[in-house]
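Below is one structure; the comments refer to it alone.
Bear in mind these aren't lab numbers, they're just calculated from the coordinates by the rules spelled out. Since the structure is predicted, the reported quantities are computational estimates derived from the model, not experimental observations. Using ideal geometry, Cβ is built from the backbone for each residue, glycine included, and neighbour counts are taken over all protein chains shown.
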Protein chains: 2
Amino acid sequence: MRKIGIPEIEDIATGAALLGAGGGGDPYVGKLVAMGAVRDCGPVTLLDPEEVPDDALVVPIAMMGAPTVLAEKAIGGGEYQRLYDMVSRFFGQKIYAFMPIEAGGVNSMLPIAAAARLGLPLVDVDGMGRAFPELQMVTFTIGGISATPMALTDEKGNSVIFETITNKWTEELARSVTMSCGGSVSVSLYPMNGAQMKQYGVRGIVTRSQQLGAAIRTVKTAENPEEHFLEFTEGYKLFQGKISDVLRETRAGFNFGRVLLEGIGACKGRSAAVEFQNENLTAEVDGKIVATVPDLICLVDTETFSPVTTDALKYGKRVLVVGLKCFEMWRCPAGIELVGPRYFGVDTDYIPLEERCKEVCGNV
Amino acid sequence: MRKIGIPEIEDIATGAALLGAGGGGDPYVGKLVAMGAVRDCGPVTLLDPEEVPDDALVVPIAMMGAPTVLAEKAIGGGEYQRLYDMVSRFFGQKIYAFMPIEAGGVNSMLPIAAAARLGLPLVDVDGMGRAFPELQMVTFTIGGISATPMALTDEKGNSVIFETITNKWTEELARSVTMSCGGSVSVSLYPMNGAQMKQYGVRGIVTRSQQLGAAIRTVKTAENPEEHFLEFTEGYKLFQGKISDVLRETRAGFNFGRVLLEGIGACKGRSAAVEFQNENLTAEVDGKIVATVPDLICLVDTETFSPVTTDALKYGKRVLVVGLKCFEMWRCPAGIELVGPRYFGVDTDYIPLEERCKEVCGNV
């Protein structure tokens, strides 16, 4: 158990944005929301999963929608309270603690804001260890935990509760409503008990985000910042380049796109491309895939090592493309079926990042 | 209080399909569902609105979606019970009776089926006195009654509860979910108390449907069937013709279209067109509008006087186009704003049917 205040939020936002693998929204937007709540209501208590009773009701809070919309749409005042009321009325049980459902610039922050405003603790756990675009894409789905009852509310005051036969149906129906509400909404889904959270959650993700954020903040003081960055992230360098084109489309409630890179430094003369659906899905170098989901493909600024989310991609920006190993549970067959490359329409088997790198990126 | 059994259902379905004004679904489909339920569970008690206590919870049951889809999609077994459970759990109060929300071949029948299966009475009232395509289009909206909490469920077992800030938002969000569920779903909306039902409902609509149906069943025994039909429906003859073309499009969860008619009999040499969005919106004769919503524009077979719904329009079919006056409340300013021609994008003021007929249809 420890406290999360303003400095911790700063680092968590940065680290979670890196783990967002291009998605999860703008950490600047997320940070403002969380800091505002902590300034108004005081620091938030962060619980280790082991500190949560097995029968306690633990509830993730998140925004759903396209990250580009998240950045533009206001977050109203009453959403967290409405979600709290809807879920606790449904169960006839008080919510014990909130938790994030994914890492990412916005979705790491909103549960902190909700916890601060409603005076509840936050648990140091999530359901991805990164960000993914669709809501059935959580370790809890592998564990057979239902996404529903799911509560959804918009900034205008409309509210919806879903109960579905599968988590894929939750995604389908909630996505429709999200689009009708203007492209982004606040949600609470995968309500679970403490035992389920401990069994299937990605533990320590808030702390890991904070450590990554703190390391990024100080990376420039290192003798060799890039080497230091790869060391503390345990990252694989996939490419270094200048953004030469960004193709982008907001469709069916998602940001789809492809960013093209011209090599710089050691990669001069080579080219790379990264495909995304909110989050980065694949990285190719000279036409050959060097990393795919569920491993993390992260773009960071070559100078500051700040994460560059898909909504912030801009012509001319110089970035380092880094691969990070995903949470181990994603690499089991059920994980690959849920979030492997083929689910996203990429016609290749999943090969772990560290294998792909050996094969094609030895010289990068 | 009286009982509704198989013969009553037969007539109600026909009469309600006429009042459906082209929409409300195929009476054959609706009838099968209601008759099956009454065969399994016995006749249904029909209550006069005055027999319902002011504080009783009265709940409409309906299908939502495009009529063409209604006709093809199965109605599963558990929907009524699920809707009942969702609504009564929400209110912590048992449902006293069901009611139809609109007249129409399907939506007049499903509340009968639900009442039979759950052993509840049905109230002789609805919220339109006809059918309309969007769910905020009920007299209850004029009365300030909320469409929510609205319960929605599909035949697969997915369920959703909406609470919205306006009835137009209910339409918006529920329509999205309906489309995601395959184009038609079962719903319960406008839960209200007995007092509200009595104040704003269209009273006696089930009985009126039954009387119309019975009269259509026996119309051919009359000396001059057409004259007799116009007399008992209090209808205005707008046109008589052969369908020469049907333009049809299923879009945004609705059946949109236009049917063209070549005059026959007294109308030989003239032409007519009827525009629809699930229900018929306008009728034109020789390019001049002769009737618009909210008045009812009904097509019936020239031989049998059976109603022809928009999903059953076919090249070559001979039809009589008849106008019926709408329920009086629709003609007030709030009614015209909600369901007048301009709401549907038709650039004309609402002029009561009987005025328009005088002006342009004297000779038809």
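Observations, loosely collected:
- Charge dipole of the range B:229-360 about the Cα centre (unit charges at C-beta), most positive-ward option of B:Val259, B:Cys332, B:Gly345: B:Val259
- Calculated from the alpha-carbon coordinates, chain A shows an Rg and a Dmax of 19.2, 62 Å respectively.
- Stretchable slack from B:Asp286 to B:Lys156, in nm (0.36 nm times residue separation minus alpha-carbon distance): 42.1 nm
- Each of B:Glu234 and B:Ser271 was given a label point 7 Å from its Cα along the Cα-to-Cβ line. The distance between the two points is 3.5 nm.
- Label geometry 7 Å along the beta-carbon vector: B:Glu337 inter-copy distances in nm: 5.4
- Summing charges over neighbours of B:Ile336, with a neighbour being any other residue whose Cβ is under 9 Å away from its Cβ, gives 0 when K and R count +1 and D and E count -1.
- You can think of it this way: the chain between A:Arg39 and A:Ile351 has 107.8 nm of extra reach, that is 0.36 nm per residue less the Cα-Cα gap.
- Taking every alpha-carbon pair under 8 Å whose residues sit at least 6 apart, the range A:2-205 reaches a relative contact order of 30 percent.
- The mean sequence distance of close C-alpha pairs (under 8 Å, at least 6 residues apart), as a share of the length of the range A:223-360, puts its relative contact order at 24 percent.
- Beta bridges from DSSP with both residues in chain B: antiparallel share about 90 percent, rounded to the nearest 5.
- Fraction of beta bridges assigned by DSSP in the range A:223-360 that are antiparallel (%, nearest 5): 100 percent
- Loop-resident sites, the range B:255-364, for GluC sites (Glu not before Pro), counting at most 15 other Cβ within 10 Å (DSSP): B:Glu303
- Only helices enter the 222 nm calculation for chain B: every DSSP H run of n ≥ 4 contributes -39,500 (n - 2.57), and dividing by all residues gives -9500 deg cm²/dmol, rounded to 500.
- Summed residue charge, Cβ within 12 Å of B:Glu134's Cβ, Lys/Arg positive, Asp/Glu negative: -2
- Assigned charges on the beta-carbon of Lys, Arg, Asp, Glu; the range B:229-360 dipole about Cα centre (debye): 380 debye
- Candidate lysines - alpha carbon under 21 Å from B:Lys317, same-chain residues fewer than 8 apart omitted: B:Lys220, B:Lys237, B:Lys242, B:Lys268
- Charged side chains reduced to their Cβ positions (Lys and Arg at +1, Asp and Glu at -1) give the protein assembly as shown a dipole of some 320 debye around its Cα centre.
- Restricting attention to the protein assembly as shown, close to 90% of DSSP beta bridges with both partner residues there are antiparallel.
- In this simple spin-label model, placing a label point 7 Å from the Cα along the Cα-to-Cβ direction at both B:Glu328 and A:Met1 gives a separation of 6.8 nm.
- Label point 7 Å beyond Cα along the C-beta direction, distances from A:Glu354 to other copies (nm, shortest first): 8.6
- Shielding by partners - mean other protein chain Cβ count within 10 Å, residues of A:172-180: 5
- Residues of the range A:1-16 with amide N under 14 Å of a point placed 7 Å along Cα→Cβ from A:Thr207: A:1-4
- Neighbourhood net charge (14 Å Cβ-Cβ; Lys/Arg +1, Asp/Glu -1) for B:Ala116: +1
- The shape of the protein assembly as shown comes out prolate: with a ≥ b ≥ c from the C-alpha gyration tensor, a/c is at least 1.5 and a/b beats b/c.
- Dipole of the protein assembly as shown computed with +1 at Lys/Arg Cβ and -1 at Asp/Glu Cβ about the Cα centre; of A:Gly194, A:Ile289, A:Thr233, farthest Cα towards the positive end is A:Ile289.
- Label-point gap, in nm, between B:Glu51 and B:Glu337 - each point 7 angstrom along Cα→Cβ: 3.7 nm
- Estimated translational D of the range A:51-205 in µm²/s (Stokes, Kirkwood radius over Cα pairs; 20 °C; 1.002 mPa s): 142 µm²/s
- Simple Cβ-charge dipole of the range A:103-209, Lys/Arg +1 and Asp/Glu -1, about Cα centre, in debye nearest 20: 280 debye
- Rounded to the nearest 0.05, the FRET efficiency derived from the C-beta distance between A:Phe91 and B:Ser88 at R0 = 25 Å is 0.90.
- Distances in nm from A:Lys156 to the matching label points in the other copies, shortest first (labels 7 Å along Cα to Cβ): 2.7
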